[in-house]
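Heads up, the thing below is written out as structure tokens.
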Amino acid sequence: MRRWLCGGYDKASADELKRRTGLPDLICRLLSARNMTDPDAVNEYFNGVPFSDPFLIKDMDKAISAVENALESGDKMTVYGDYDCDGITAAVMLTNHLTALGGEVELYIPQREDGYGLNIKAVEDIAQNGTKLIITVDNGISAVNEAEKIYELGMKLVITDHHAVPEVMPRAEAIVDPHRPDDNSPCKYIAGCGVALKLITALERDTDSVLEQYADLACIGTVGDIVPLIGENREIVKRGLDIMQYSENEGLNALISAAGLSAEGITAGQVAFGICPRINAAGRYGDAMKAARLFTQERRALAEAGAEELCRLNDSRKQLENDMLSEALAQLNAEPERLNGRVIIVSGEGWRHGIIGLVSARLTERFGKPSIVIGIENGDARGSVRSIEGFSVASMLTSCAELLTKFGGHERAGGFSIDKDRIDEFRRAVQEYAKGEYPVMPQAVVEADIEPEAADTDVSAVELLRYMQPFGEGNPAPLFLMRNCAVLSVRKLKDGKYTSFEAEYMGRRLKFLCFSISYADFCYRPGDKVDVIANLEVNEYNGNKSVSVRVKDLRAGGIDQDRYFAACDAYEKIIGGERIDPRLISRIMPTVEDMKMPFDLSRRMTSIDKAAQYAVLRGMNYCKFMMCLHIFAEFGHLKLDRVNGTMEFIKGGRRISLDGSAVVKRIKRACGAGSED
């Protein structure tokens, strides 16, 4: 279960915003909930901001001078990109434009196994092809040694990047990075493709024509890099989505079609989940140049073949990701202590380095804990980390720096390389760090904007939400907290792959769609009350419009989450072999009488989570309930599968003796009242 937050809105500020702007009531309440109550800021949000002068970015004038000199002298240039969506689109945009200006230009994107950014071998290969000027996009800011090699070989370097700037910057003709401490431009949040777009704009001294040519690709890179959709980023995406509807890029048109999408009315969400993964698949599970070549293809038949190839690579990526996830879950089942840790850590031989980050994200989503997935390929061990709000990946990796050969990251994600013989030592160091820095581990969070009123679920109200698009990082689709929804009926979707249910909310009968819960795993039945966090959407079928509720998270109605999570923390510490406050023993130590309800639930239910919520709603402490289940499992009455969240009742178990129970002894040891035999 995740911690739910809903800050709500300030009625006075929402009413004042409505008076000054004339915006609908629902929109004003949502904007107030997001602390957007200044009319000028709201006007920019809906009507856009002017694109800033690209020459405001530090060194842009020097970069333009270097590029124009190369164009005038006929020097060969190489645009050096990156193997992800942002780096690929940025490289294609700049290569195409410099070629159109008459330059001799080659596009180079490294393979993922070569590592991120410039590398010495690539620099040497590029020198062999006659290049005089290398221009990086979406990388280069940390390439100090590689930059020296470039100049040693008689070439020059222009860096365009958007990543954090190190203390020592590389040697270059120009370093165009809005994160430079001496940069005073307003472009702090743009992606690598945004910086490339600024460079092209500076070359042309014309914003509108450049956006007309490249906003579609810049939109894809911006969405794919998950930068905040605010300010100029928001404008890039809005313009890009519009241009995609009549784009002349044959490769992009073919990819949209191959992904099963329509260019007409395409959304940022469809780009994020339909287009970007297919581009990234080339870098994760193949050759990133396949994606780059697609966007430079002018023949429709070849473009269609290239798009189908990216779709096949993406299918292979998904299959490999699922296989690796299954292996990771099998490890957790076989070695429960890994699941008991504060941070989940799994590793595997042959796990592709391009996929481990995706598997880590799924483990974190599944278990609500930070997770680390380490892949070992040809003796080379690399790890990827995904975290939850409040647990810093950067700080964790820094604390283990002496064990790592290379690492980097920020609050919620990171990566590293490690000698495979030190993986076990790294595991222990991570768990010790988590225990020392986080006496109480943070919980995964889902944050809603507001609790909707009955009228907010009308078609006319929900249709207004489209004016807040494009949705994405920094501007998510509105989430609504809906309490005490009375379940009326439940049915299967897609042969049980998903679940749909009807429920009554504030007197309105609504259709709820659960695309993350199968019908077999859906635990609620007619008559149950559930709390829901969800998006509201309008569906149209045969000319009729209706509101559907796309469920983001749900739980039994009325749970006191503060008490629930306090008990969860105690439970996690006990099974992880940690100490807890001795005063808690009376709340969590089961008696024979306490075990009657959990025993009955274990016979009737298969979902641990649903049974736990049922017990908590009837007054039982979560930790005590789980201790009861572990006792039943200890004496052969129950098979617990905490990885999949299920339990199976077994007939004919041994007679339960609390005095002889290893689980009871573990509770006593955690409370300092005894020790395990």
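FYI, it's all coordinate maths here, none of it is from the lab. None of these values were measured; they are calculated from a predicted model. Quick reminder, even Gly has a Cβ in these numbers, built from the backbone with ideal geometry, and neighbours come from all protein chains shown.
In percent, rounded to a whole number, the relative contact order of the chain is 9, using alpha-carbon pairs under 8 Å and six or more apart.
Please give the residues of segment 377-404, grouped as numeric ranges, whose backbone N is less than 19 Å from a label point set 7 Å along the Cα-to-Cβ vector of Val144. In segment 377-404, the label zone of Val144 (backbone N under 19 Å from the point 7 Å along Cα→Cβ) covers 398, 401-402, 404.
Where nothing but the Cβ of Lys and Arg (+1) and of Asp and Glu (-1) is charged, how large is the charge dipole of segment 335-438 around its Cα centre, in debye to the nearest 20?
Details: 15 positive and 15 negative charges, 63 e Å.
Computed about the Cα centre, the dipole is about 300 debye.
In this structure, the amide hydrogen of Glu377, modeled 1.01 Å from its nitrogen in the peptide plane, lies closer than 5 angstrom to those of Gly350, Arg382, counting only residues at least 5 positions away or on a different chain.
Measuring nothing but how far apart in sequence close Cα pairs (under 8 Å, 6+ apart) lie, relative to its length, segment 447-556 scores a relative contact order of 27 percent. Each of Ala567, Gly645, Ile631 was placed along the dipole of segment 561-670 (beta-carbon charges, centred on the mean Cα), and the one lying farthest toward the positive end is Ile631. When only Cα pairs below 8 angstrom with a gap of at least 6 residues are kept, segment 539-677 shows a relative contact order of 26 percent. Comparing Gly576, Ala268, Leu363 along the charge dipole axis of the chain, the residue lying farthest to the positive side is Gly576, per the Cβ-charge model.
When all alpha carbon pairs of segment 634-673 are counted in 5 Å bins from zero, the resulting P(r) reads 6, 20, 19, 20, 20, 12, 3 %.
Overall shape: prolate for segment 605-654, with the ratio a/c of the largest to smallest alpha carbon gyration tensor axis at 1.5 or above and a/b above b/c.
Which value, in debye to the nearest 20, describes the size of the charge dipole of the chain about its Cα centre when Lys and Arg Cβ atoms bear +1, Asp and Glu Cβ atoms bear -1, and nothing else is charged?
On the way: 83 positive and 101 negative charges, 742 e Å.
It works out to roughly 3560 debye.
Kirkwood Rh over Cα pairs of segment 450-571 into Stokes-Einstein at 20 °C, 1.002 mPa s: D in µm²/s? Mind showing how you got there, number by number?
Details: Rh = 15.5 Å.
Estimated diffusion coefficient is 138 µm²/s.
Taken about its Cα centre, segment 561-670 carries a charge dipole of about 260 debye when Lys and Arg each add +1 at the Cβ and Asp and Glu each add -1 at the Cβ. Treating the Cα atoms of segment 561-670 as identical point scatterers in vacuum, please give the log10 of the normalised Debye intensity I(q)/I(0) at q = 0.21 Å⁻¹, two decimals. These q points yield log10 I(q)/I(0) values of -1.21. The value obtained for segment 417-471, namely the Cα convex hull volume divided by the number of residues, is 172 Å³ per residue. Annotation: Cα Rg of segment 1-81 relative to the compact-globule expectation 2.2 N^0.38 Å equals 1.97. When averaged across all projection directions, what area in nm² does the alpha-carbon convex hull of segment 353-454 cover? For the Cα atoms of segment 353-454, the hull's average projected area reads 7.9 nm². Checking the a/c ratio against 1.5 first, then a/b against b/c, what shape does the Cα gyration tensor give for segment 71-121? It comes out oblate by the Cα gyration axes. Bridge orientation summary for the chain: considering DSSP beta bridges with both residues in this region, about 65 percent are antiparallel.
In terms of Cα atoms, the Rg and Dmax of segment 495-534 work out to 10.4, 30 Å.
Over all directions, the average projected area of the alpha-carbon convex hull for segment 207-311 comes to how many nm²?
Numbers: hull surface 24.6 nm².
Spelled out: convex hull of the Cα atoms, projected over all directions, averaged, 6.1 nm².
If you model the chain as an ellipsoid using its alpha carbon gyration tensor, with each semi-axis the square root of five times an eigenvalue, the axes come out at 48, 32, 22 Å, biggest first. Amide H contacts of Ile372 (H built 1.01 Å from N, in plane; Pro and chain starts excluded): Ile344, Ile345, Val346 sit under 5 Å, all sequence-distant by 5 or more or on other chains. Ignoring lysines fewer than eight residues from Lys651 along the same chain, the ones with Cα atoms less than 18 angstrom from its Cα are Lys596, Lys639. Evaluated at q = 0.15, 0.16 Å⁻¹, a Debye calculation over the C-alpha positions of segment 124-238 (equal weights, vacuum) places log10 I(q)/I(0) at -0.70, -0.78.
Every helix of 4 or more DSSP H residues in the chain counts as -39500 (n - 2.57), and over all residues that averages to -13000 deg cm²/dmol at 222 nm.
Not counting the cut sites, what is the longest span of the chain without trypsin sites (Lys or Arg not before Pro) that DSSP labels loop and that have at most 13 other Cβ atoms within 10 Å?
Numbers: sites that count: Lys188, Arg205, Arg299, Lys494, Lys497, Arg579, Arg618, Lys651, Arg654, Arg655.
Answer - 300-493.
Given the convex hull over the Cα atoms of segment 54-205, what projected area results after averaging over all orientations, in nm²? For segment 54-205, the mean projected area of the Cα convex hull comes to 7.8 nm².
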